[in-house]
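Worksheet for the structure shown next.
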Amino acid sequence: MAEKIGRVLVLGAYGFIGAEVVRSLQTSGFAVTGLGRSAEQAARVLPGVPFVAGNLLQLLQPEDWTPLLQGVDAVVNCAGVLQDMAPGELEAVHHLAIAALAAACADRGTKVVQVSAAGAGPGAATEFMRSKGRGDAALRASGAAAWILRPGLVIGQGAFGGTRLLRMLAAVPLVQPVALGQAPVQCTGMADLPAAVGAALGGKLPQGTYDLVEDQVNTLEEVLTETRKWLAFAPARMALRMPDWLLPPIAGCADALGRLGWRSPLRKTAIAEIQNGVRGDPQPYRAAMGQGLAPLQSIYQSLPAGREQRLDARMALIMPIAVAVLSLFWLASGLIGLWQLEAAANVLLARGWGSFPAKTSVVFWSLADIALGLAILWRPWAAWACLGMAGVSLFYVLAASVIAPQMWADPLGSLVKVLPGTLLSLITHQLLQER
């Protein structure tokens, strides 16, 4: 199989789906090169895999792809974005870049496997699906040898986006929060998706468009119940069904956080997709391959679940709370320091400091607290802000131990309480690490 194709270029190689496709193709004997925005992140996720840095936002003309396609026999596109983080991003990533890639591949005789999404098309309810559909149509019209694979809700050993949200909700103790519980969902086991890519590249799957979904249609509540069962969490004592009117304000908050760099699975596009249902037609793929995809129960039965999966689900649930608590704590600390400037300066005045340096020190460190409380809300800076919080906290403890050691005997524990806050910032730093 691998002899027919020398080298495969995988776009979005270190993503949730892309990484599994790369590993599967390598196991099958293909020579794989990855493409994505960050070589550093690729080296962490896929050590030893050849990688080239590339941004689909900058690959919008066929000639832009020419140097990347040298010696490449097939391209697998696993790249995608859920919602615009900048104007026109969906159109560029899902349509314009893919149209340019398709034209370049058609000229060179390079095969293309496109990982799209079930329901993508011009009549879809969201721009995510419509832009995916435009990319699919451009690929079909290009004349390139093409396979368009459209998975449903992808469930794998790892978790990202919708599957991460399912695990977070399943980790809620005692009760089971549910929204849009009756929405129809067809799932795709992660193992089946790379297998379909391999079948396409190996000549076992005819060219065409295929929905990669299980035969059975589940409700979202049923998927959530299976997820909780798989993780071996205690059954919920009751279901907490959220009213639909709560979803728009939740989505609005998630979209606002998206402008700060947080890729919440509760953004309006994700909620709209669930409302519309995640469905496809499994019959064309079944007819082509002689068998369908694994159903939801079989998907979970094939995936090991242990302490690490349960811990990951719980930590994913706690992480946004930890970020909010740290932000509020440091903002309050800085604002109170400015508000109570005289009282705070008196601690230093009692140790022989002059009025000006004492007040200047209080103002400086109060502003530092406020800056850290704001910095953690900006996702690109959040992990560094946690380290800054830990460093400033340790400085406070050391400085206070030298300047005002009697503070250790404060009955309210003003210094003792700094230590658990420092630990929380270090734990949150780890929770914020990328996949």
- Message: Looking only at region 166-187, how many residues end up being open to solvent by 30 Å² or more (accessible area, probe 1.4 Å) and under 18 Å from the mean Cα position of the chain (by Cα)?
- Response: 2
- Task: Considering each residue of region 79-88, count those that are open to solvent by less than 60 Å² (accessible area, probe 1.4 Å), at pLDDT below 90 and either of a type in the set (A, V, I, L, M, F, W, C) or farther than 25 Å from Gly121 by Cβ (or both), and give that number.
- Result: 3
- Return the only residue of Arg279, Arg310 being closer than 17 Å to Lys229 by Cβ and either aromatic (Phe, Trp, Tyr) or surrounded by 15 or more Cβ atoms within 10 Å (Cβ to Cβ) (or both). Arg310
- Taking region 1-44 and keeping only residues that are open to solvent by less than 30 Å² (accessible area, probe 1.4 Å), within 19 Å of Lys111 (Cα to Cα) and polar (S, T, N, Q), one is left with Thr33
- Item | Residue satisfying all of: in region 14-52; of a type in the set (S, T, N, Q) and in contact (Cβ under 8 Å) with a residue 60 or more places away in the chain; nearest to Val115 (Cα to Cα) among these | Ser24
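Pick from Met238, Met190: which is closer than 20 Å to Ser116 by Cβ and either out of contact with any strand residue (DSSP E or B) (no Cβ under 7 Å at 6 or more places or on another chain) or open to solvent by 10 Å² or more (accessible area, probe 1.4 Å) (or both)? First the steps, then the outcome.
Numbers: Met238 fails: closer than 20 Å to Ser116 by Cβ.
Being closer than 20 Å to Ser116 by Cβ and either out of contact with any strand residue (DSSP E or B) (no Cβ under 7 Å at 6 or more places or on another chain) or open to solvent by 10 Å² or more (accessible area, probe 1.4 Å) (or both) holds for just one of Met238, Met190, which is Met190.
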- Task: Inspect all residues belonging to region 71-78 and state whether any of them is assigned to a helix (DSSP H, G or I), touching a strand residue (DSSP E or B) at 6+ places or on another chain (Cβ under 7 Å), within 22 Å of Gly135 (Cβ to Cβ) and open to solvent by less than 60 Å² (accessible area, probe 1.4 Å).
- Result: no
- Of the conditions (1) open to solvent by 10 Å² or more (accessible area, probe 1.4 Å); (2) in contact (Cβ under 8 Å) with a residue 60 or more places away in the chain; (3) not aliphatic (A, V, I, L, M), the single one that Gly156 does not satisfy is (1)
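Within region 109-124, take every residue that is outside any strand (DSSP E or B) and under 22 Å from Gln70 (Cα atoms) and give me the one that is most open to solvent (accessible area, probe 1.4 Å).
Per the stated criteria, the residue is Gly109.
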- Return the residue satisfying two criteria in turn: it lies in region 327-373 and is in a loop (DSSP other than H, G, I, E, B) and among the small types (Gly, Ala, Ser), and of such residues it is modelled with the highest pLDDT. Gly354
- Message: Tally up the residues in region 241-280 that are of a type in the set (S, T, N, Q) and either touching a strand residue (DSSP E or B) at 6+ places or on another chain (Cβ under 6 Å) or part of a loop (DSSP other than H, G, I, E, B) (or both), please.
- Response: 1
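Scan region 392-411 and tell me whether some residue there is of a type in the set (A, V, I, L, M, F, W, C), open to solvent by 70 Å² or more (accessible area, probe 1.4 Å), part of a helix (DSSP H, G or I) and touching a residue at least 24 places away in the same chain (Cβ under 8 Å).
Yes - at least one qualifying residue is present in region 392-411.
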- So which residues in region 45-62 are over 26 Å from Glu273 (Cβ atoms), open to solvent by 60 Å² or more (accessible area, probe 1.4 Å) and modelled with pLDDT under 95? Pro47, Gly48, Pro50, Ala53, Gln58
- Any idea which residue in region 89-104 is farthest from Val8 (Cα to Cα), counting only those that are open to solvent by less than 40 Å² (accessible area, probe 1.4 Å) and free of Cβ contacts under 8 Å to residues at least 40 places away in the same chain? Glu89
- Query: If you go through region 361-382 one residue at a time, do you hit one that is more than 27 Å from Gly261 (Cβ to Cβ), open to solvent by 80 Å² or more (accessible area, probe 1.4 Å), out of contact with any strand residue (DSSP E or B) (no Cβ under 7 Å at 6 or more places or on another chain) and without any contact (Cβ under 8 Å) to a residue 60 or more places away in the chain?
  - Reply: yes
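The values are calculated or read from the model by the stated rules, or taken from the named source; none is laboratory data. Note that this is a predicted model, so its numbers are computed, not measured. In this analysis, Cβ positions are derived from the backbone assuming ideal geometry, glycine residues included, and neighbour counts consider all displayed protein chains. To get the accessible areas, we keep the full protein, side chains included, count just its heavy atoms, and leave off ligands, DNA and RNA. Shrake-Rupley method; radii C 1.70, N 1.55, O 1.52, S 1.80 Å.
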